[in-house]
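Asks: The structure is given below, and queries will be raised subsequently.
The values are calculated or read from the model by the stated rules, or taken from the named source; none is laboratory data. What you are looking at is a predicted structure, and each value in this text was computed from that prediction instead of being measured. We place every Cβ from the backbone using ideal geometry, glycine too, and count neighbours over all the protein chains shown.
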Amino acid sequence: MKVLEACNITKVFPGVTALDSVDISFELGEIHCVIGENGAGKSTLIKCLTGVYEPEAGSILINGEDALKNKKLFDRIAYVPQEIDLFEHMTVADNLFLPFEKSGLKGLVNKKEIEKRAVPLLQKFHINAHPSTLVKDISVSEKQLLQIARATVHEEYDVLMLDEPTTSLTTKDAQVLFDVIEQIRKANKAIVFISHKLEEIFLIGDVITIFRNGIKVAYSKVNEVDTPWVITQMTGREVDQSQVFYSDKIEDEVLLEVEHLTGQRFTDVSFSLKKGEILGFSGLVGAGRSELMQAIFGYLPIYQGDVKLKGEPFKRGDTCYSVKNGLIYMPEERKSQGILPMLSVRENISISVLDELQGTIGISKKKEADLAEKVIRDYDVKTPDIEKEIQYLSGGNQQKVIIGRSMCCNPKVLIFDEPTKGIDVGTKSQIYRMMKDLAEKEGIGIILISSEMEEIRKCSNRIIVLYEGRKVGEFASDADKESIMSAVIGIN
Amino acid sequence: MNEERLKPVNSVISTLKKSTMTAIGAVLALMVLMASVFSPYFLDIYNLQSLIRDLAFIGMIGIGQSLLLIIGELDLSVGKIASLCGILSGIMMMSWGWNPYLSLVAALFLGLVLGSINGLIITKLRLNAMVATIGMAGVYGGINLVLTKGKAITGIPASVHVFGKGSLGPIPYPFVFTLIVLILVLFFVKKTKTGRYIYAIGNNRDAARVLGIKVDKIRIMIYSMVGLISALAGILYVARLGSAQSSIGENWPMNSIAASVIGGVALTGGIGNPAGALIGAAIISIIQNMIVLFGVNVYWQSAVSGFVVVIAISFSSLSAIYQEKKQRKIKLTK
């Protein structure tokens with residue numbers, strides 16, 4: 001019986017169609033795997049199916065009733081997010097039953113009773129921690145299990161959605177999780193399992209649906225297909241490859257040399273970057289790519305290894321030194337690490353080069369304005385004027401300001417960390433074009449971190465793949481997608 | 001009838017929309033107007049001089065405090081630094097027989113040192129600024145008591161006394177010093193690189209690090225500047241009283257923060273103008289002055305002045321609430 005059914009769902013964001021007429025249905029007692037690259041539309045689908053987003057078109061039926069008309073029906077769907085979002089400084093039992101009203105605990109909070117009621121639930125989910133332990137003191141796998149326990153504590157759900165529940169788990173811990181999932185399936189619930197790890201899908205999945213660019217491209221029973229088929233469906237073989245943005249002017253001079261670098265979440269990574277080259281870094285979210293680059297830049301600590309810029313040893317742990325010497329990092333988290341939100345576009349641009357903007361008495365406002373106007377022109381930033389607070393600009397325009405600002409400091413090496421995250425298609429190719437120009441015309445060495453396979457293949461001269469903090473492969477730009485994908489998801 | 005009443009409210013709101021600084025300026029002007037209408041003594045030259053002399057101190061400390069608030073921190077030991085430096089300048093002059101000017105310079109230097117101690121422990125030990133400076137206020141206040149045993153040091157020479165008691169034309173010296181501090185600080189925040197960096201740090205500390213700004217170094221620097229400014233205020237207060245007392249600066253931490261916030265400096269950091277702190281100080285001082293002039297019962301004075309300060313602070317958040325509502329409307333119509 002179809003417990004949850006979505007018909008013809010379309011969800012549009014400014015500039016992007018995140019989901020395009022998607023039909024999908026889920027049945028009781030079935031583990032339904034949903035798979036696709038980052039940005040393929042999985043998260044958007046989940047958010048539509050749990051009532052967070054309202055789709056522009058289509059309908060969602062829960063037990064045959066229209067859920068978009070009766071939002072209460074969404075309570076039948078239990079959702080476990082990818083990120084662990086428990087209350088770290090509260091006990092296991094508190095976390096399990098919060099909010100208390102919803103869990104049927106009335107009146108004053110009785111610690112003893114809550115803990116007593118928690119015991120059988122914890123046993124059911126193989127959580128060994130005592131109910132009175134603080135969540136910050138239990139293991140990651142127990143936290144993950146606790147999240148599931150919490151989502152299903154009311155027992156009045158029909159569908160359980162798990163968004164990449166194993167990303168932070170070891171194989172052994174994942175097995176415990178699978179046992180729990182199997183148990184829930186036997187209780188005749190529908191399970192939606194989202195994962196990047198193909199081996200897990202073949203281990204526990206019944207049916208599989210594959211997404212690409214907001215479109216449902218394939219549906220099958222798991223036992224009728226194999227890994228290469230899934231990868232082909234995931235990556236697609238569109239002829240959209242025509243336009244490429246890698247650099248055509250690589251020089252022999254080596255700009256950046258990294259040898260046996262070890263730090264937080266990455267181990268023994270070596271690579272080198274030539275003048276005018278675009279070097280792509282691929283991998284899953286959490287593979288340690290950002291941490292590696294932030295460590296080279298001096299933002300995070302390096303435990304071991306060497307970094308050389310133009311053959312000279314590079315000072316560690318000093319972002320000021322890095323910027324002065326032309327190594328610039330443009331963060332993935334634009335909001336938290338990139339922009340100065342309440343300052344104007346002008347101030348956001350001039351901040352790195354105030355030394356060069358001195359007038360007769362201190363900083364010259366005119367020189368500052370001239371520079372800002374130039375950057376806005378050169379990088380096609382859309383803003384009403386240079387005094388606009390940058391927080392009111394769109395993501396793409398903020399990104400262009402950040403690129404323009406970095407270019408003012410005469411960089412030798414630029415690190416782009418997910419430069420097109422949350423950016424619409426049109427602006428994306430504008431940013432690719434900028435990177436290509438910088439590499440070819442200015443001879444800048446570019447490092448591109450991206451989780452989008454298309455993007456990394458279009459833009460990089462070489463591709464390095466990290467998996468769980470280690471370098472697991474290096475590919476030329478014309479390497480086939482399947483072999484890169486295999487390395488990304490840790491096969492071999 | 002109702003519309004008539006709404007008119008001035010509307011005009012206040014439309015001023016608030018334009019800029020925080022003009023809005024606070026308007027509030028100040030309104031208060032001066034009200035005070036002079038309601039009390040014939042307000043514009044009396046003696047009253048004005050003593051008012052300006054009072055606000056000079058809160059204003060000076062407020063200007064320093066606003067720098068810390070802009071980087072998203074604060075210093076609750078400013079009053080104790082002021083009194084400790086004031087007392088020590090007195091001890092150097094009276095007990096050790098130092099040259100008065102040399103004593104003043106030495107006390108200023110001490111303020112710089114105490115400020116940088118605050119900065120160092122907060123950055124290096126990664127402490128919360130509020131808790132750390134409450135602790136340090138205890139330490140500085142304690143040293144103060146050990147040195148003075150609670151007694152005032154009297155007989156400050158006339159050459160020093162004049163800085164607190166005298167006037168440049170009609171303007172009391174302390175206020176002249178406050179204006180000098182304001183001009184220097186404004187030059188610092190508007191025209192220098194480091195000045196711009198403090199706004200960057202207050203806006204987004206992580207982004208500032210990614211930009212290659214030496215965040216901790218600048219934080220320590222601002223703490224030492226605030227220490228220096230506090231010492232100056234402390235010395236001037238000693239000069240005003242003609243004696244060094246450990247009770248100097250009791251209310252300065254809270255008043256300086258209130259003055260900054262009234263003046264449009266955000267407690268969360270990143271926004272504000274030190275000049276606003278001086279206007280805020282003026283508003284607080286006028287409130288206190290009016291309460292005295294209106295003959296409010298002594299026991300009620302503190303409650304009334306506190307209440308009016310809360311109203312004054314809410315002006316800056318009212319404009320934020322208004323902006324937010326406007327934004328929401330724009331989004332909805334889109």
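Asks: Residue by residue through region A:105-120, note down the ones that are surrounded by 11 or more Cβ atoms within 10 Å (Cβ to Cβ) and among the small types (Gly, Ala, Ser).
Replies: Let us first name the residues in region A:105-120 that are surrounded by 11 or more Cβ atoms within 10 Å (Cβ to Cβ), namely A:105, A:110-111, A:113-119.
Across region A:105-120, the qualifying residue is only A:Ala118.
Residue-by-condition table, conditions (1) under 30 Å from A:Glu387 (Cα atoms); (2) of a type in the set (A, V, I, L, M, F, W, C):
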site	(1), (2)
A:Glu253	no, no
A:Phe281	no, yes
A:Ala287	no, yes
A:Gln294	no, no
A:Gly305	no, no
A:Gly311	no, no
A:Leu327	yes, yes
A:Lys335	yes, no
A:Asn348	yes, no
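Asks: Report yes if A:Gln123 is crowded, with 20+ Cβ neighbours inside 10 Å and either more than 30 Å from the chain's Cα centre (by Cα) or under 20 Å from A:Ile191 (Cα atoms) (or both), otherwise no.
Replies: Values: crowded, with 20+ Cβ neighbours inside 10 Å: no; either more than 30 Å from the chain's Cα centre (by Cα) or under 20 Å from A:Ile191 (Cα atoms) (or both): yes.
No: the conditions fail for A:Gln123.
Asks: Restricting to region B:86-127, name every residue that is farther than 13 Å from B:Pro157 by Cα and outside any helix (DSSP H, G or I).
Replies: B:Trp96, B:Leu125, B:Arg126, B:Leu127
Asks: Now for a different question. Need at least 2 residues that are farther than 18 Å from A:Gly276 by Cα and touching an Asp or Glu at 6+ places or on another chain (Cβ under 8 Å) per element, so show me which helices (runs of 4 or more DSSP H) inside region A:416-492 make the cut, counting only ones lying wholly within it. Step through it out loud before you land on a result.
Replies: Numbers: elements: A:425-442, A:453-459, A:481-488.
Filter on region A:416-492 gives A:425-442, A:453-459.
Asks: Oh, and also: Looking only at region B:194-204, count how many residues are buried (at least 18 other Cβ atoms within 10 Å of the Cβ), facing chain A (nearest Cβ under 10 Å), part of a helix (DSSP H, G or I) and of a type outside the set (Gly, Ala, Ser).
Replies: As a first pass, look at region B:194-204 and keep what is buried (at least 18 other Cβ atoms within 10 Å of the Cβ): B:195-204.
From what's left, facing chain A (nearest Cβ under 10 Å): B:195-197, B:199-204.
Add one more test, that the residue is part of a helix (DSSP H, G or I), and what stays is B:195-197, B:199-203.
The next check asks that each one be of a type outside the set (Gly, Ala, Ser); those that pass are B:196-197, B:199, B:201, B:203.
Residues that pass the stated criteria total 5.
Asks: Additional query: Answer yes or no as to whether B:Ser260 is under 30 Å from B:Lys165 (Cα atoms) and in contact with a strand residue (DSSP E or B) (Cβ under 6 Å, 6 or more places away or on another chain). Show your work before the answer.
Replies: Numbers: under 30 Å from B:Lys165 (Cα atoms): yes; in contact with a strand residue (DSSP E or B) (Cβ under 6 Å, 6 or more places away or on another chain): no.
So B:Ser260 fails the test.
Asks: Out of B:Ala207, B:Ala231, B:Ala239, report the one residue that is aliphatic (A, V, I, L, M), crowded, with 24+ Cβ neighbours inside 10 Å and within 7 Å of another protein chain (Cβ to nearest Cβ). Give the steps one after another, and end with the answer.
Replies: On the way: B:Ala231 fails: within 7 Å of another protein chain (Cβ to nearest Cβ); B:Ala239 fails: within 7 Å of another protein chain (Cβ to nearest Cβ).
None of the others qualify; the one that does is B:Ala207.
Asks: Looking for something more than 10 Å from chain B (Cβ to nearest Cβ) and either at positive phi or surrounded by fewer than 21 Cβ atoms within 10 Å (Cβ to Cβ) (or both) - is there at least one such residue anywhere in region A:337-346?
Replies: If we filter region A:337-346 for residues that are more than 10 Å from chain B (Cβ to nearest Cβ), which is where we start, we get A:344-346.
Now narrow it down to the ones that are either at positive phi or surrounded by fewer than 21 Cβ atoms within 10 Å (Cβ to Cβ) (or both): A:344.
Among the residues of region A:337-346, at least one is more than 10 Å from chain B (Cβ to nearest Cβ) and either at positive phi or surrounded by fewer than 21 Cβ atoms within 10 Å (Cβ to Cβ) (or both), which makes the answer yes.
Asks: Go through (1) of a type outside the set (Ser, Thr, Tyr); (2) more than 36 Å from the chain's Cα centre (by Cα); (3) more than 13 Å from chain B (Cβ to nearest Cβ) for A:Lys388 and report which single condition fails.
Replies: (2)
Asks: Taking B:Gly155, is it away from every other protein chain (no Cβ under 12 Å), small (Gly, Ala, Ser) and at negative phi? Please lay out each step first, then the result.
Replies: Numbers: away from every other protein chain (no Cβ under 12 Å): yes; small (Gly, Ala, Ser): yes; at negative phi: no.
For B:Gly155, the condition - away from every other protein chain (no Cβ under 12 Å), small (Gly, Ala, Ser) and at negative phi - is not met.
Asks: Out of (1) over 19 Å from the mean Cα position of the chain (by Cα); (2) farther than 19 Å from B:Ile218 by Cα; (3) modelled with pLDDT of 95 or more, what's the single condition that is false for B:Leu108?
Replies: The single condition B:Leu108 does not satisfy is (1).
Asks: Search region A:276-335 for residues being surrounded by fewer than 21 Cβ atoms within 10 Å (Cβ to Cβ) and part of a helix (DSSP H, G or I), and hand back the single one that is farthest from the other protein chains (Cβ to nearest Cβ).
Replies: A:Glu291
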